[in-house]
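Values in this text are rule-based calculations from the coordinates and carry no lab data. Predicted model only: the values in this text are computed from it and were never measured. Here the Cβ positions follow ideal geometry from the backbone for every residue, glycine too, while neighbour counts run over all protein chains shown.
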Amino acid sequence: MVAQILTQIGVPVLTDLLGQTLSKSDNKLVRDAGRGLTNLTDAFKNGQVTHEQVVEANRHLEVMAQLESETEKVALSQINESLRAEIASNDVYVRRMRPTFGYLIAFTWAAQMFALAWVIIFETEKADLVIKSMESLGTIWAVGLSVMGIYVYKRSEEKKVGAQSYSVKEKVAHSGSSNYTLGIKTKSEPTKYND
């Protein structure tokens, strides 16, 4: 995604924006990096970096964006394959994996939020440390909640498809039992009894 943004705005614009932003930082290392990017921007403007070099840098970014896009496609297809295998499975636990994962995520999230609230309310002096610790868990939560989002989305699709197929099956089943075929009354046959 970052590579796609880079290819749209180009290297010179990016270095100019980053250079201006980073130069205003309180951190010396970040400020120095900003100055370096500002010098690179000046080199672009003064012609020290040729147009061909800029075009080549942009082309490289386009290739990187394409590779990143293909990687995402492969990852999504693998996720879809595993979801299809889960649906087709006759193993009860495999089919229950999504709800189990959902309940675990919900329980863990609730426990973490209650613990955070407890610390903020009753042990305020430790709140800064706990909030920073929870902040570092952001990536883990992003992965877990992303997987949960895919599970919920896929299950919603399955329910829609299942409801549609059930609706059709139900209409066909009822049509035969009540002498109606797709809403048209058919002639009923006399009941035969074996004496």
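In this label model, residue 109 and residue 82 are separated by 1.9 nm, measuring between points 7 Å along each Cα→Cβ vector. What pairs from 24/45; 73/154; 73/160; 24/132; 132/154 go past 27 Å between their alpha carbons? Pairs exceeding the cut-off: 132/154. Along segment 133-142 the Karplus relation, 6.51 cos²θ - 1.76 cosθ + 1.60 evaluated at θ = phi - 60°, assigns HN-Hα couplings of 5, 5, 4, 6, 8, x, 5, 5, 5, 4 Hz to successive residues, with x for each Gly and Pro. Rounded to the nearest whole Hz, the Karplus-based 3J(HN,Hα) values (6.51 cos²θ - 1.76 cosθ + 1.60, θ = phi - 60°) of segment 10-18 follow the sequence x, 5, x, 5, 5, 5, 5, 4, 5, with x at glycine and proline.
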